[in-house]
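Values quoted throughout were computed directly from the atomic coordinates according to the rules given, and no laboratory measurement underlies them. What you see is a predicted model; the values in this text were computed from it and never measured. Using ideal geometry, Cβ is built from the backbone for each residue, glycine included, and neighbour counts are taken over all protein chains shown.
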Amino acid sequence: MADMKQLAGLIKELEDQLVVCMRCGMCQAVCPVFAETGREADVARGKLALLDGLVQEMFKDPKGVNDRLMRCLLCGSCSANCPSGVKVLDIFIKARAILAGYMGLHPLKKAIFRGILVRPEFFDSLMEWGSRLQGIFVKPVDDLLGTSCGRLLSPLGDRHLKALASTAFHQIVKPMNTGPGASGLKVAFFVGCVIDKVFPNIGEAVMRTMEHHGVGVYLPEDFACCGIPALSSGDTFAFNKLVRYNLQKFAAEPFDVLITACATCASTIKKLWPLMAEQLSPEAQEQVTAIAARTMEVSQFLVDKVGVRQVDLKSNDKKVILTYHDPCHLKKSLGVAMQPRTLLEANLGYRLKEMVEADRCCGMGGSFNLQYYDISAAIGKRKRDNIVESGCEVVATSCPACMLQITDMLSQAGDRVLVKHAIEVYAESLS
């Protein structure tokens, strides 16, 4: 049970932010969950109305309040389109922390976050064993997309999964600390869990690109999760432990920019680390502020700092039709949309063709996909339809979690469309 003084402080912060909401309902038009369910309780306005009386509701029906709060993708569509500038994501994140503090964390989540996620070496070992044994539980289903489905009576349901990589990124690329090359720049590379354990090829593309442009790289040993899985479930204890662990890895090392190829990691470090930093020591708070200010998604770094530019050639000189999906945490949270497209258009082998609703949420939402897969899949199918209607052969994005969701939807539909990260497409042009 969280300290009640801490909870009281969080509730006061919530009350101060809630008064800004005019209950205008603009969030209804952009909420992907509301579009599927049509329930007022699933849209930001409905949740904010609920939170207005959080103290009373917490005592009357804490589980009901928590269930309604968890039916949210945290995509930020409501915040990005709110005429009053309500920081909806900040409110929901803090409200989940309050509920988890009051109710206590589910035993399974506590075991995962506090027993595994906050122990990077143990987490790595567990995933290595998982990679070796996964054939018992899943079987290959799509050779192009590299997906698998659960075997008979699997709890995975209809999902088409990307299997764990046979060799994780941290096993392929060892820790390093190289000085600036021709660019005069040095980055710290925050890899992220999904890239490390599912998409090591993305991490390799980042490293190849940095080497090509003469960028020095600091890659620490035993890197950890950014903390968003724990925080989105309200576990501030595990989240803060991971933040402190990451500060030990990155805060003392001199570098110009902390880069990541994960939109969610970038948004978490830049926005959520500072948001929740009040529980850290003054020194740690200063370190969080400094690192957040220097954090960039990799395409943003390459375009804004290194100076990568698209090549201006006639469209018929480009061969493979490619479309792009804007991750919510990159465009809506960080305002980064042009830079990944610039990387894509720097590869002469592709022709970029925009899909309809390129920035509409794919429906992944991390743990939302696990708890509410039916809704997640319905949202994802709309994204799949838009991808296929573009006539593309490849869909690119800048978030490995979005890649998992889009791959699942395309694979289930039998579509022969490759899913790539924008940095992979750009790195292909360097070989």
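For GLU428 and ASP158, the FRET efficiency from 1/(1 + (r/R0)^6), where r spans their Cβ atoms and R0 equals 41 Å, is about 0.80. Count the DSSP beta bridges whose two residues both fall in the chain, then state the antiparallel fraction as a percent rounded to the nearest 5. Roughly 30 percent of the beta bridges in the chain run antiparallel, per DSSP. Largest GNM mean-square fluctuation among PRO180, PRO274, PRO107, using the chain with Cα springs under 10 Å: PRO107. Fewest neighbouring Cβ atoms within 10 Å first, the residues LYS94, LYS63 line up as LYS63, LYS94.
Computed on region 219-345, with alpha-carbon pairs under 8 angstrom and 6+ residues apart, the relative contact order is 24 percent.
How high is the relative contact order of the chain, in percent, with contacts defined as C-alpha pairs under 8 Å that are six or more residues apart?
16 percent
Assuming 0.36 nm per residue, please report the length gained on full extension of the stretch LYS63 to ASP143 beyond their Cα-Cα distance.
24.5 nm
Calculate, in nm to one decimal, what ALA252 and ALA29 gain on full extension: separation in residues at 0.36 nm each, minus their alpha carbon distance. Write out the running numbers ahead of the final one.
On the way: separation 223, 0.36 × 223 = 80.28 nm, distance 4.50 nm.
The ALA252-ALA29 span can extend by a further 75.8 nm.
Extending 7 Å from the Cα toward the beta-carbon at both GLN310 and GLU211 defines two label points whose distance is 2.9 nm.
Going from the fewest other Cβ atoms within 10 Å to the most, the residues VAL303, VAL425 appear in the order VAL303, VAL425. Volume of the convex hull of the chain (Cα atoms only), normalised per residue: 142 Å³.
How long are the semi-axes of the ellipsoid equivalent to region 309-428, from square roots of 5 times the Cα gyration tensor eigenvalues, in whole Å, largest first? Don't jump to the answer; show the numbers that get you there.
Working: eigenvalues 122, 49, 24 Å².
Equivalent-ellipsoid dimensions as semi-axes: 25, 16, 11 Å.
Can you give the FRET efficiency for ILE136 and ARG294, using 1/(1 + (r/R0)^6), R0 = 35 Å, r = Cβ-Cβ distance, to the nearest 0.05?
Efficiency, rounded to the nearest 0.05: 0.20.
Here LYS162 is the anchor, and the aspartates and glutamates within straight C-alpha reach of less than 16 Å, apart from those fewer than 8 places off in the same chain, are GLU128, ASP142, ASP143, ASP196, ASP408, ASP415.
Would you order MET276, MET22, MET210, MET103 from fewest to most other beta-carbon atoms within 10 Å of each residue's own beta-carbon? Numbers along the way, then the final one.
Working: MET276 22, MET22 12, MET210 25, MET103 16.
With the fewest neighbours first, MET276, MET22, MET210, MET103 line up as MET22, MET103, MET276, MET210.
The Cα center of region 387-431 and the Cα center of region 108-158 differ in position by 22 Å.
For LEU161, the residues whose amide H sits under 5 Å from its own are SER148, CYS149, ignoring neighbours fewer than 5 places away on the same chain, with H placed 1.01 Å from N.
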